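Below: the structure, in structure tokens.
Derivation of every value follows stated rules applied to the coordinates shown; laboratory data play no part. Note that this is a predicted model, so its numbers are computed, not measured.
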Amino acid sequence: MAKAVWQGQVIAESNDFEVVEGNVYFPPGTLKEEFFESSDHRSVCPWKGTASYHHVVVDGKRNENAAWFYPEPKEAAGDCPLFTARRRRVGRSGRRVCCGRGWRLLGTGR
């Protein structure tokens, strides 16, 4: 089981997680959505595509653009488990969200 913790609060946990380029991605149904706010920030990975971001907010403290996902991954992503899962429409939105800046991971060996 992997857990993402920020400010002492578990914000995501699952046995079904993927590690891509050292980042842990959680299925959307395993995120505690009350801690996530949409962001307008975007970035581009040459092989994964355009990433959309969320802020993480716990007890009034905000971690800017700390979580991201690829709503429309590029074909170059190939058989990467993250994108295979997305194409099968895993979870509510079909997007896995990556833990990121400032999160502490438990149970992943990281």
Checklist outcome for this item: For Lys48, the aspartates and glutamates lying under 15 Å Cα to Cα, once residues fewer than eight places off in the same chain are dropped, come out as Glu18, Glu21, Glu72, Glu75, Asp79
Checklist outcome for this item: note: the stretch 22-78, Cα-Cα separations exceeding 15 Å make up a percent value of 54
Item to check | Hits among lysines - C-alpha to C-alpha of Lys61 under 22 Å, sequence gap 8 or more where chains match | outcome: Lys3, Lys32
